[in-house]
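The values are calculated or read from the model by the stated rules, or taken from the named source; none is laboratory data. Since the structure is predicted, the reported quantities are computational estimates derived from the model, not experimental observations. Virtual Cβ from ideal backbone geometry, glycine too; neighbours counted across all protein chains shown. Side chains included, ligands, DNA and RNA excluded: accessible areas come from the protein's heavy atoms. Shrake-Rupley method; radii C 1.70, N 1.55, O 1.52, S 1.80 Å.
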Amino acid sequence: MSLQPYQRVLSIRDARRVLLLGFLLRMPIFSAGIILTLHVVTHLGHSYADAGLVAAAATIAIAISGPWRGRLLDRMGLRRVLVPSMIVSAICWSIAPFVGYVPLLVLAVIGGLFVVPTFSIIRQGVIAAVPDDQRRTALSLDGMSVELAFMIGPVIVVWLTTFLPTSWVLFGIEMLGVVLAALLWWANPALRSAEVDESEVGATARRSWFRVPFVAICLAATASTIVLGGSDVAIVAAMRHWDAVSQLAVVLIPWSFGSLVGGLIYGAMSRGFSPFILLLMLALTTAPMAFAPNLWVFAVLAVFSGLFCAPTITATVDAVSRVVPAAARGEAMGWHGSFMTAGSALGAPLAGIAIDAGGFGAGLLLVSAIGAAIALGGGAALLARSRVLRARHALVA
């Protein structure tokens, strides 16, 4: 495997800057859910169900905001969209950590609706910064930075709660997000390449791209996060089954490491793969974890499942960027993010129902089956559509 593709991407100053900003911005995002749960349970003295309600409400608000904020990015540009987000976030999260449960719930929803559209901005910035033939490599680097932020951010937050009140940790994390958003505003990375006709921005009709290929790719993104979100819950259930919850890192670290390695390999390859093929591989490598006889076999199998985590998500982002006009990419990435958020929200409860009925293995098998079904169905639908279009062109010719 050659690292030259990565060297070429990282030699581009704008690409380096956007990737670094993306890594920094995502750490508070991944940390917020953990500290919010701890704050509701420990500081406010409510149940985990109440904490889950706050997380679910905020998640729904973020999913709703994705396409809306993405379309504003297309029409108004980065700076005009970021200013309201920074103001609302600063107000909401300077109050929310220090009030009761119901006001916290309301403020979390408002903050979710005006959240900085980080994923849409960073991915558009990465795509705009590199030539088309380096897009997959750049997006793979972005995917690996997501993995690192997911691994590092929550660990720092949990460490901070050992000597600081959760209210101040929550306040600090959210204010850090506002400061980093201000840094993003100052950097103002280009969201479209110079070749894009600016007269098309805001004038591109949604019906021209919101079609079967786009929806199918977004469903693949949804299925990938159903598999990943369900696997999260099933891993915890498995550790409880073996009475080894304190050793959770023994599985999570290999799983994340596998994803990093998979992303590294995928970005260095000379050609990409269909997101449906990668989704199918993710499902097929996740299913064997259901039959692991002990913790150590489970951890080894998690490495192989992890190999397809980052590449699957990277492939869906790459595919969306290629089936949607550049002038509408902000809204499209917003929809893509909302589909992924919906998958995350669905994966955990679906796996939970199966786990209650048949143990951790049932949870893993259910989400794997859903992933495989969508991979096969989506791939078949696109293949059938392609054949129909080719037949029509042949008749016209």
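Using θ = phi - 60° and the Karplus relation 6.51 cos²θ - 1.76 cosθ + 1.60, list the HN-Hα couplings for the range 290-302 in order, rounded to whole Hz, with x at every Gly or Pro.
Karplus-based 3J(HN,Hα) across the range 290-302 equals 5, 9, 4, x, 7, 4, 6, 5, 4, 5, 5, 5, 4 Hz.
From the phi angles alone, apply the Karplus equation (6.51, -1.76, 1.60; θ = phi - 60°) to the range 104-116 and give each ³J(HN,Hα) in whole Hz, x where the residue is Gly or Pro.
4, 4, 5, 5, 5, 5, 4, x, x, 5, 10, 4, 4
How large is the direction-averaged shadow of the alpha-carbon convex hull of the range 242-350, in nm²?
8.0
Any chance you could get the radius of gyration and Dmax over the Cα atoms of the range 1-136, in Å?
Cα only, the range 1-136: 17.9, 54 Å (Rg, Dmax).
How big is the equivalent ellipsoid of the range 286-362 along its three axes, where each semi-axis is √(5λ) from the Cα gyration tensor, reported in whole Å from largest to smallest? Walk me through the numbers before you get to the answer.
Numbers: eigenvalues 213, 55, 9 Å².
Sorted largest first and rounded, they come to 33, 17, 7 Å.
Taking 0.36 nm per residue of sequence separation and subtracting the Cα-Cα distance, how much length would be gained by fully extending the chain between residue 249 and residue 4, in nm to one decimal?
Length gained, residue 249 through residue 4: 85.0 nm.
Is the C-alpha gyration tensor of the range 62-106 telling us rounded, prolate or oblate? Criteria: a/c under 1.5 is rounded; beyond that, a/b larger than b/c is prolate, otherwise oblate.
The shape class here is oblate.
Given C-alpha coordinates of the range 65-165, what is the ratio Rg to Rh with the Kirkwood estimate of Rh?
Rg/Rh for the range 65-165 comes to 1.05.
Which one of 332, 367, 258 has its Cα pushed farthest toward the positive end of the charge dipole of the range 258-397, where Lys and Arg give +1 and Asp and Glu give -1 at the Cβ?
Of the options given, the answer is 332.
What length, rounded to one decimal in nm, is gained on full extension from residue 30 through to residue 385, with 0.36 nm per residue of separation minus their alpha-carbon distance?
Using 0.36 nm per residue and subtracting the Cα-Cα distance, I get 124.0 nm.
Name the shape class, rounded, prolate or oblate, that the alpha-carbon gyration tensor gives for the range 241-284, where a ≥ b ≥ c are the square roots of its eigenvalues, rounded holds for a/c under 1.5, and otherwise prolate holds if a/b is larger than b/c and oblate otherwise.
Because a/c hits 1.5 or more and a/b fails to exceed b/c, the range 241-284 counts as oblate.
Residue 148 versus residue 373, label points 7 Å from Cα toward the beta carbon: distance in nm?
In this crude spin-label approximation the distance works out to 3.8 nm.
Ordered by residue, what ³J(HN,Hα) values in Hz, to whole numbers, does the range 75-82 give under the Karplus form 6.51 cos²θ - 1.76 cosθ + 1.60, where θ = phi - 60° and Gly and Pro are x?
8, 10, x, 5, 5, 5, 7, 6
Roll a 1.4 Å probe over the protein chains and send me the accessible area per residue for the chain in Å². Mind showing how you got there, number by number?
On the way: 17580 Å² over 397 residues.
It amounts to 44 Å² per residue over the chain.
Based on Cα coordinates alone, diagonalise the gyration tensor for the range 277-325, multiply each eigenvalue by 5, take square roots, and list the semi-axes in whole Å, largest first.
Three semi-axes, in Å: 29, 9, 5.
Please report, for the Cα atoms of the chain, the Rg to one decimal and the Dmax as a whole number; what are they, in angstrom?
That works out to 20.9, 73 Å for Rg and Dmax.
Working out 0.36 nm times the residue gap between residue 79 and residue 261, then minus their Cα-Cα distance, what length gain in nm do you get to one decimal?
Values: separation 182, 0.36 × 182 = 65.52 nm, distance 3.49 nm.
Here the segment from residue 79 to residue 261 would lengthen by 62.0 nm.
With each pseudo-label sitting 7 Å past Cα toward Cβ, what's the residue 183-residue 207 distance in nm, one decimal?
4.5
May I ask for the distance between the Cα centers of the range 332-378 and the range 106-152, given as a whole number of Å?
About 22 Å separates the Cα centre of the range 332-378 from the one of the range 106-152.
With a 1.4 Å probe and all protein chains left in place, how much of the accessible area of the range 150-281 comes from carbon and sulfur atoms, in whole percent?
In the range 150-281, the share of accessible area belonging to carbon and sulfur is 69 percent.
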